[in-house]
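The values are calculated or read from the model by the stated rules, or taken from the named source; none is laboratory data. In this text, all values refer to a predicted model and were calculated from it rather than measured experimentally. Don't worry about glycine lacking a Cβ; one is built from the backbone with ideal geometry, like all the others, and counts go over all protein chains shown.
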Amino acid sequence: MARLPTLFVSHGAPTFALEPGRAGPLLQAVGECLPRPKAVLVVSPHWITREIAVTASARPATIHDFGGFPDALYQLQYPAPGAPMLAETVMALLRDQGYPATCDPERGLDHGAWVPLRYLYPDAAVPVIQVSMPASLDPHSAWRLGQALAPLAEAGVLVVGSGSLTHNLYEFRMGSDEQADYAWEFVHWARQAVRGHDKAALMDYLHRAPHGRRAHPTPEHYLPLLVAAAAATPGGEVDVLEGGMSHGVLSMESYLFH
């Protein structure tokens, strides 16, 4: 199998699972066009641990790790199989790179994984594992983590960084069509930096991006972008999936790194 691309996906609010908007069909098209991966590895901000951990359940549960949303969301299941043998391989790969990684045989799939995967692979037939984000993760260590995971793309594993290109929940606008100008300014900056492979700018987003801190009051939903970019082929083409803006301030833009 040829080397797979890597993917940064904005998973938005949990309601994305019920409201595909523009982003859902774009992710579905990616899943249909890419070679079928042997497995998917997801790094999500909804699993943060002290040290890196890897899911090792053969039948990972669907975790509904949110509250206050429509009842229909809590009925959704994504029964993809796990990949315990791949988890062992990933754990060994990470340990070789100096990470004291462990396996978690009980952890299921959080909504940062299963919500976008419902569009990428709606049949839930591709095995899925997650790698946690260590609590100490910053832009430099996120890039290093992506580089450590890069060999998996050669082995037929789709590496997915799942976050949100903008993520200010203090300004979340449920039911509003009004979209924040500052969020769009950040999106346009990020798109240019990603297309230009401007690693320095992407790493220093708080200072170089317009409204960097307002777009990301906390870093955890931005850092998966750096993981996906670092795991990709250096200088490769980038497809922009223009998913629009959700709830006024949550960009649904995603990037496919070839």
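Listed values, structure above:
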{"item": "Helices (runs of 4 or more DSSP H) within segment 1-117 that include 3 or more residues under 25 Å from Ala229 (Cα atoms) and either touching a residue at least 12 places away in the same chain (Cβ under 8 Å) or among the β-branched types (Val, Ile, Thr) (or both)", "result": "23-33, 84-96"}
{"item": "Test: Val227 is modelled with pLDDT of 95 or more, β-branched (Val, Ile, Thr) and farther than 18 Å from Pro45 by Cα", "result": "no"}
{"item": "Residue list for segment 35-63, restricted to those being more than 17 Å from the chain's Cα centre (by Cα) and either of a type outside the set (S, T, N, Q) or closer than 21 Å to Ala153 by Cβ (or both)", "result": "Pro35, Arg36, Lys38, Arg50, Glu51, Ala56, Ala58, Arg59, Pro60, Ala61"}
{"item": "Of the criteria (1) in contact (Cβ under 8 Å) with a residue 60 or more places away in the chain; (2) among the aliphatic types (A, V, I, L, M); (3) surrounded by 22 or more Cβ atoms within 10 Å (Cβ to Cβ), which one Met203 fails", "result": "(3)"}
{"item": "Those residues of segment 187-221 which are of a type outside the set (Val, Ile, Thr) and within 28 Å of Gly67 (Cα to Cα), in sequence order", "result": "Gly212, Arg213, Arg214, Ala215, His216, Pro217, Pro219, Glu220, His221"}
{"item": "Matching residues, segment 20-42, being in contact with a Leu (Cβ under 8 Å, 6 or more places away or on another chain), over 23 Å from Leu86 (Cβ atoms) and surrounded by 20 or more Cβ atoms within 10 Å (Cβ to Cβ)", "result": "Ala23, Leu26"}
{"item": "The one condition in (1) on the phi < 0 side of the Ramachandran plot; (2) of a type in the set (Gly, Ala, Ser); (3) within 19 Å of the chain's Cα centre (by Cα) that Ala155 fails to fulfil", "result": "(3)"}
